[in-house]
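Trainee: Sharing a structure below in structure tokens format, with a few things to ask.
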Amino acid sequence: MPSQTPGSKVIDRFEGPYAFLSNFYPCPLVNPFAEAGAPVYPTLEHAFQAAKTNDPIERAQVRSAPTPGAAKRMGRRVTLRADWESSRVGVMRALLWAKFRAEPLLSMLRATGGAGLIEGNSWHDQIWGQCYCDTHADIPGQNLLGQLLMELRVRLPARESSMPSTTSATVLITGFDPFSGAERNPSGEIAVALDGETVAGAMIRGVVLPTAYDACVVALGMAMTQVRPDFVLLLGMLEGRRGIVPERVALNLDAASIADNDGNLRADQSIWSDGPVAYFSRLPVQAIAAAISAAGLPSGVSLSAGSFVCNHLFYEAMEMTEATAVRAGLIHVPALPDMVPAEVPSMPLEEMIRGIRAALEAILTP
């Protein structure tokens with residue numbers, strides 16, 4: 001995760017003029033979990049504590065707590081959902097985005113500049129902050145809240161819309177790890193193979209993301225913070241797909257019959273409760289398909305990225321890069337021949353890599 005700009009100041013107490021950084025700050029969040037009735041959570045703390053449980057009665061009780069402190073205490077007594085430990089950072093990140101995505105909080109966070117953000121405290125929280133009591137003063141805390149805020153600050157809309165120059169440009173390519181019992185995932189292998197290459201004058205950086213709804217978004221945000229790309233090319237595998245196919249549309253929908261690698265099973269729920277129904281890719285999908293076809297490989301433009309983790313990440317990437325100069329989109333590749341029966345379409349890894357290089361040429365050609 002990011003740190004502060006070298007030589008900059010440090011904000012180590014979320015109080016006074018910086019109280020807005022605290023999860024206790026009054027900031028109503030409207031239906032962040034896409035629940036029936038569109039309930040409003042008075043603060044981020046109320047929402048975070050309620051997210052610990054899947055019991056609707058317990059969630060309502062936490063939401064109705066008179067203060068964020070009371071909500072925090074109630075959160076210690078709820079029936080903890082099975083995946084909480086693996087998903088809590090992703091939940092916090094999503095809630096922070098919901099809190100700071102609009103004015104005036106958006107500008108207030110951006111105005112902290114390159115300052116280090118540390119949730120200094122005296123209540124022994126070494127996970128989300130840094131405790132300054134005598135016992136912990138010399139022991140570094142994880143400061144996850146401060147780190148997530150600094151990550152978010154980098155990703156906030158920059159109100160730029162111009163096409164980035166491909167001269168000395170950087171492309172971030174992401175793939176996924178194996179899922180649903182498979183031993184391989186070509187999308188991740190392609191990202192690894194292309195990492196460090198130069199295509200059309202642009203540096204390619206490849207990373208492999210976890211096939212999990214929340215975790216992949218957090219990992220993408222961290223990669224974007226580190227790489228600061230001009231283009232983001234998401235890769236995913238779709239079994240049964242014949243060619244290397246750019247996706248035109250990201251849907252605001254999670255709906256799958258299988259669980260992700262963290263055990264999360266989602267059926268017909270919005271990714272963002274107040275987000276648009278869909279985003280269009282900001283990569284030249286027709287040019288990409290034409291370039292792949294010209295390389296002698298099957299391609300075309302798809303209108304459905306599905307509704308599993310690939311589509312989830314595609315939608316979140318569009319949300320992250322909206323109103324910035326970063327161009328992002330998703331390409332699906334087929335399975336590898338050793339992953340499926342002979343009658344199921346597949347493609348050798350070497351051909352997929354060649355096809356993605358052709359796609360990069362199309363993306364980087366003005």
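Trainee: Mind giving me the nanometre distance, one decimal, between the label points for Ile57 and Met108, set 7 Å out from Cα along Cα→Cβ?
Mentor: Here the answer is 3.7 nm between the modelled labels.
Trainee: Tilt of helix 285-294 relative to the longest C-alpha principal axis of the chain, in degrees (0 to 90, nearest 10)?
Mentor: So the helix axis and the longest Cα principal axis differ by about 30 degrees.
Trainee: Given all pairs of different Cα atoms, what value in angstroms does the Kirkwood hydrodynamic radius of region 86-150 take?
Mentor: Answer for region 86-150: a Kirkwood hydrodynamic radius of 12.8 Å.
Trainee: Follow-up question, since we're still on this one. Rounding to the nearest 10 and keeping the result within 0 to 90°, find how far the Cα-based axis of helix 84-100 lies from the longest principal axis of the chain.
Mentor: 80 degrees
Trainee: A follow-up question, please. If you stretched the chain out fully between Glu85 and Glu239, how much longer would it get, using 0.36 nm times the residue separation minus the C-alpha to C-alpha distance?
Mentor: Working: separation 154, 0.36 × 154 = 55.44 nm, distance 3.03 nm.
Extra length from Glu85 to Glu239 when fully extended: 52.4 nm.
Trainee: If you don't mind, another one. So what are the three principal axis dimensions of region 214-279 from its Cα atoms, in whole Å, longest to shortest?
Mentor: So the three principal-axis extents are 34, 32, 26 Å.
Trainee: Can you give the angle from 0 to 90° between the axis of helix 213-227 and the longest principal axis of the chain, with both taken from C-alpha atoms, to the nearest 10?
Mentor: Taking the Cα atoms of the chain, the angle to 213-227 is about 80 degrees.
Trainee: When the chain is treated as a GNM, springs tying every alpha-carbon pair under 10 Å, which of Arg228, Arg77, Arg153 comes out with the largest mean-square fluctuation?
Mentor: Comparing Arg228, Arg77, Arg153 in a Gaussian network model of the chain, the most mobile one is Arg77.
Trainee: Amide H to amide H under 5 Å from Ala328: which residues, 5+ apart in sequence or cross-chain, H placed 1.01 Å off N in plane?
Mentor: Under 5 Å from the amide H of Ala328 lie the amide H atoms of Val232, Arg282, Leu283, each far enough along the sequence or on another chain.
Trainee: Could I ask something else about it? Among rounded, prolate and oblate, which fits region 1-123 when a ≥ b ≥ c are the square roots of the eigenvalues of its C-alpha gyration tensor, a/c under 1.5 means rounded, and a/b larger than b/c means prolate?
Mentor: Prolate.
Trainee: Let me ask something additional. Gain in length, Ala342 to Leu303, computed as 0.36 nm per residue apart minus the alpha-carbon separation, to one decimal in nm?
Mentor: That pair, Ala342 and Leu303, stretches by 11.4 nm at full extension.
Trainee: Gap in Å between the Cα centre of region 195-250 and the Cα centre of region 303-366?
Mentor: 8 Å
Trainee: What does a probe at Ala325 reach in region 280-299, counting residues whose amide N is under 19 Å from the point 7 Å along Cα→Cβ?
Mentor: In region 280-299, the label zone of Ala325 (backbone N under 19 Å from the point 7 Å along Cα→Cβ) covers 282-284.
Trainee: Once you charge only the Cβ atoms, +1 for Lys and Arg and -1 for Asp and Glu, what is the size of the charge dipole of the chain about its Cα centre, to the nearest 20 debye?
Mentor: 820 debye
Trainee: Hey, what number do you get for the chain at 222 nm if only DSSP H runs of n ≥ 4 count, each worth -39500 (n - 2.57), divided across all residues, to the nearest 500?
Mentor: After summing the helix terms and dividing by residue count, I get -10000 deg cm²/dmol.
Trainee: How large is the dipole of region 224-366 about the Cα centre if only Lys and Arg carry +1 and Asp and Glu carry -1, each at its Cβ, rounded to the nearest 20 debye? Show your work: numbers first, answer last.
Mentor: Details: 9 positive and 16 negative charges, 96 e Å.
In debye, rounded to 20, region 224-366 gives about 460.
Trainee: Which one of Met237, Val218, Ala115 has its Cα pushed farthest toward the positive end of the charge dipole of the chain, where Lys and Arg give +1 and Asp and Glu give -1 at the Cβ?
Mentor: Value: Ala115.
Trainee: Give the percent of DSSP beta bridges with both residues in the chain that are antiparallel, rounded to the nearest 5.
Mentor: Just about 30 percent of them are antiparallel.
Trainee: Specify whether the C-alpha gyration tensor of region 170-364 places it in the rounded, prolate or oblate class, a ≥ b ≥ c being the square roots of the eigenvalues: rounded for a/c under 1.5, otherwise prolate if a/b is larger than b/c and oblate if not.
Mentor: Note, shape of region 170-364 comes out rounded.
Every number in this text was worked out from the coordinates using simple rules, so none of it is lab data. Everything quoted here is computed from the prediction, not taken from an experiment. Glycine also receives a Cβ, built like all others from the backbone with ideal geometry; neighbour counts cover every protein chain displayed.
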